[in-house]
1. Counting residues in segment 61-164 as N, plug N into 2.2 N^0.38 Å and put the Cα Rg over that result.
2. Roughly what angle does helix 31-43 make with the longest principal axis of the chain, taking Cα atoms, 0 to 90 degrees, to the nearest 10?
3. Tell me, what is the FRET efficiency for residue 134 and residue 192 to the nearest 0.05, using R0 = 41 angstrom and their Cβ-Cβ distance as r?
4. Among 153, 87, 175, whose mean-square fluctuation peaks in a Gaussian network model of the chain (Cα, cutoff 10 Å)?
5. Based on other C-beta atoms within 10 Å, arrange 237, 225 from fewest to most.
6. Choose one answer from 44, 99, 111: the residue with the largest mean-square fluctuation in a GNM of the chain with alpha-carbon springs under 10 Å.
7. Mean separation of Cα pairs under 8 Å and 6+ residues apart, divided by the residue count of segment 100-247: what relative contact order is that in percent?
8. How far apart, in nm, are the 7 Å Cα→Cβ label points at residue 236 and residue 153?
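Each reported figure results from applying straightforward, stated rules to the coordinates on display, with no laboratory input. If you're wondering where the values come from, they're calculated on a predicted model, not measured in any experiment. Every residue, glycine as well, gets a Cβ built from its backbone with ideal geometry; the counts of neighbours run over all protein chains shown.
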């Protein structure tokens, strides 16, 4: 495995396909709070906001925000995985207390860090508008936070698409885990029959492959299964389904 990009720097088009969010979990954030974050984040995903959160507890849980930004720039600006190198979130003691997470945007990977606390169900849509340049974290704080209270402010514009979703938690030990495409990554696989069995009649019979940066923060994976639209135009998706673009 190599930790270097294999085809030169990522292009704007490359970044537009990157919709996995690295989520670094501090030791002060317990597993139940991680699962609550994942569930709420998934609930906020709509058709155009196809971000997925992948919490990891090790080996980077103790590093500073600046160090995590540098890590993302170095490790996530590689190919063969769906992570966006310019965004990440941190779950900490405050997450356990009020459910919020720290969302960090390293604009263009140049070390210009902007961050705000955000409720998880607000994150997918916010990430979409941030990644497309329709707003900036600085604009959100300037418009919504009171002067001097930026650190206490929590961005809370949640969405709820749970009615379109049938997400399923699958224990880590049901996946086949192998080294990933790049150093620091691991790949988790389920065969079609294993996916159907794990889904207990909910998930389709299809191979699943997920690329994970770091060690998963809890002992199960939330598989995201849902519909892009209601009614006759409904199209269902399973994040990680082999043969489909991973979101």
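1. Segment 61-164 yields a ratio of 1.09.
2. Value to nearest ten degrees: 80.
3. Values: r = 38 Å, r/R0 = 0.94.
The formula returns an efficiency of 0.60 here.
4. 153
5. Ordered from fewest to most neighbouring Cβ atoms within 10 Å, 237, 225 come out as 237, 225.
6. 111
7. Numbers: 222 pairs, mean separation 25.5, N = 148.
It rounds to 17 percent for segment 100-247.
8. 4.2 nm
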